[in-house]
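A short write-up of the structure that comes next.
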Amino acid sequence: MRSMIQAIDLTKKFGDFAANDHINIDVKEKEIKCIVGENGAGKSTMMNMLYGLLQPTSGKILIRGKEVVLNSPIDAIQNGIGMVHQHFKLVPSLTVYENILLGEEINLKKGKFRTPFIDTKKELSCIEKLISDNRFELNPMDKIEDLSVGGRQRVEILKMLYRNVDILILDEPTAVLTPQEVDQLMATLKGLKEQGKTIIVITHKLREVMEIADSVTVIKQGKVVGNVKKKDTSEEELAQMMVGRDVVLSVDSKRKNKIEDEIIYEVKELSTRNDCGKEVVSNISFQVHKGEILGIAGVEGNGQSELVKMITGLMESTSGTNTFCGVNVTNWWPDKLREIGMGMIPEDRYAQGLCKDMSITENCISGYHGKEDVCRHGILQKSKIVEKRDTFIKEFDIRIGNIEGNISCLSGGNAQKVIIARELAAKPKLLIACQPTRGVDIGSIEFIHHQILKFRDEGNSVILVSSELSEIMSLSDRVVVMCKGQITGEISPKETTTASMGLLMAGIHKKED
């Protein structure tokens, strides 16, 4: 089988740092190639070079055996390469067909000449055929803003197919999809392969790799550390290549203690509006018991972020109440919530949990710098702070190059460990863990999950918000599902399926028998 796209000794440097170091990859015709690796391994840098968004420092790119220079995405598309980005490049107010044809509009003809006017009838006919040929469930007249996330992704794929690409690159394509939409995407990719397309998928979800890949390339610290056929490998072997050691992929969430009847936290009819005045959380109510992990699931952008901000004091509610250990804490500031026993792992570690321009040592006490163990009579106790930092490093296996450096020098996983160590060291009664393993490598995910379960087994409570369905299902005792700012259902993860949860995530209530 001939090679469709090859990277030969592809290197990309930013100053002295080599994001890609002599990468060699060979993707065959009609193949689904998965590229896997830890965060920061260099996967996206390589794909951006293959799509013309970045230019190599050295090395060659070959398309169908011929060396090419890709100075822009236009060059890539002209060479038959299309890319579907993790964050879609669509215009919400335009229709499906207008987005697909954006920049490639079909103009009306008058005799032998094309007019500046668009031939809407021909455009619609063309896109209807494209949708039909690819068996996508889309209405060309629907506006993008009215589509599900999965529908928007299909529009992105059609944009590339309309431009006659033979090689399709997808960057983390299932990151914001429901389980049903993931299944639809898997079927779509297999169908495109049957049509003769060559597909490259960047992902960290090894189960999906084993579902669709023909071959897998593993990248670690900017270098290729493995090239294997899917049939010759396993999830465990791929994880070992990515991390460099054996990793336990499954979570043993067996409880040591029973969930108590005592209610630690309660939300009653909580609502809020965004800066545009739109209600983004509507009449949310739930309870969290002592010793329980309550999971909050849903496709990103359905009010979970705003709910967490209200719970942690970063956003005001417009109505409803929050009660913590019997105290009404509605619209309390984060420092007051911390004082009475709430720990917070924020959604965005650098926007809300760490200060990039501060040292690792300073970040170890951020939010707790007034506590007596590190501050006496308004004066910070440097030796106590350093002692605390060193304890965190040892107990949480935080790997540091320069111990006096800024927090921004750490990898995503190690920076996340600093937050978790800091919050758990304060011995909270309730931990709000929002996307606790986002952008974290497999080895660190294993460690973070262990810490959350250990915290629960000590009799504490957790509100776990995650877009990773496997994380929610494996760690939670009970799950509430959100869609469009409302709770669409409450389930027990041990008594339900991902399909049932997916329906709730899409806002479809299961009918009672």
Would you point out which residue out of Ile393, Ile432, Ile398 is modelled with pLDDT of 90 or more, open to solvent by less than 20 Å² (accessible area, probe 1.4 Å) and within 28 Å of the chain's Cα centre (by Cα)?
Ile432
Condition met for Ser500 (at pLDDT below 95, polar (S, T, N, Q), part of a loop (DSSP other than H, G, I, E, B) and surrounded by fewer than 23 Cβ atoms within 10 Å (Cβ to Cβ))
no
Return yes when Lys254 is over 25 Å from Glu471 (Cα atoms) and basic (Lys, Arg) and no when it is not.
no
The range 331-378 - residue that is β-branched (Val, Ile, Thr) and closer than 25 Å to Ser317 by Cβ and, of those, most open to solvent (accessible area, probe 1.4 Å)
Ile340
Exactly one condition in (1) open to solvent by less than 40 Å² (accessible area, probe 1.4 Å); (2) assigned to a loop (DSSP other than H, G, I, E, B); (3) under 16 Å from Pro92 (Cα atoms) is not met by Phe136; state its number.
(3)
Could you check how many residues of the range 76-100 are open to solvent by 50 Å² or more (accessible area, probe 1.4 Å), of a type in the set (S, T, N, Q) and assigned to a loop (DSSP other than H, G, I, E, B)?
2
Within the range 164-176, can you find the residues that are open to solvent by 20 Å² or more (accessible area, probe 1.4 Å) and over 24 Å from Ile106 (Cα atoms)?
Asp171, Glu172, Ala175, Val176
Scan the range 13-24 and report the pairs whose first residue is within 17 Å of Ser411 (Cα to Cα) and whose second residue is among the hydroxyl-bearing types (Ser, Thr, Tyr), with Cβ atoms within less than 6 Å and a gap of 6+ or a chain change.
Ala19/Thr45; Asn20/Thr11; Asn20/Thr45
Identify, by number, the condition in (1) farther than 22 Å from Ile157 by Cα; (2) without any contact (Cβ under 8 Å) to a residue 12 or more places away in the chain; (3) in a loop (DSSP other than H, G, I, E, B) that Gly103 doesn't meet.
(1)
Sort through Ile61, Ile81, Ile8, Ile74 and tell me the only one that's within 19 Å of Val225 (Cα to Cα) and among the β-branched types (Val, Ile, Thr).
Ile8
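Are there any helices (runs of 4 or more DSSP H) wholly within the range 159-244 with 1 or more residues that are free of Cβ contacts under 8 Å to residues at least 12 places away in the same chain and touching a helix residue (DSSP H, G or I) at 6+ places or on another chain (Cβ under 9 Å), and if so which? Show your work before the answer.
On the way: elements: 179-194, 206-212, 235-243.
So the answer is 179-194.
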Of Val228, Val251, Val216, the only residue that is at pLDDT below 90 and hydrophobic (A, V, I, L, M, F, W, C) is Val251
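Would the range 474-490 turn up any residue that is part of a helix (DSSP H, G or I), open to solvent by 20 Å² or more (accessible area, probe 1.4 Å) and over 21 Å from Asp183 (Cβ atoms)?
No, the conditions are met nowhere in the range 474-490.
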Would you please name the residue that is surrounded by the most Cβ atoms within 10 Å (Cβ to Cβ), looking only at residues in the range 448-470 that are under 17 Å from Glu347 (Cβ atoms) and without any contact (Cβ under 8 Å) to a residue 60 or more places away in the chain?
Ile448
Residues located in the range 139-163, provided they are basic (Lys, Arg) and open to solvent by less than 50 Å² (accessible area, probe 1.4 Å)
Arg154, Lys159, Arg163
Under the condition of being open to solvent by 20 Å² or more (accessible area, probe 1.4 Å) and within 15 Å of the chain's Cα centre (by Cα), which residue from the range 183-207 is nearest to Ile508 (Cα to Cα)?
Lys205
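Checking the condition farther than 25 Å from Ser500 by Cβ, acidic (Asp, Glu) and part of a helix (DSSP H, G or I), which residue from Glu471, Glu446 passes?
Glu446
The values are calculated or read from the model by the stated rules, or taken from the named source; none is laboratory data. These numbers come from a predicted model, not from an experiment. Backbone-built Cβ (ideal geometry, glycine too); neighbour counts: all protein chains shown. In case anyone asks, the SASA skips ligands and DNA or RNA and just uses the protein heavy atoms, side chains included. Shrake-Rupley method; radii C 1.70, N 1.55, O 1.52, S 1.80 Å.
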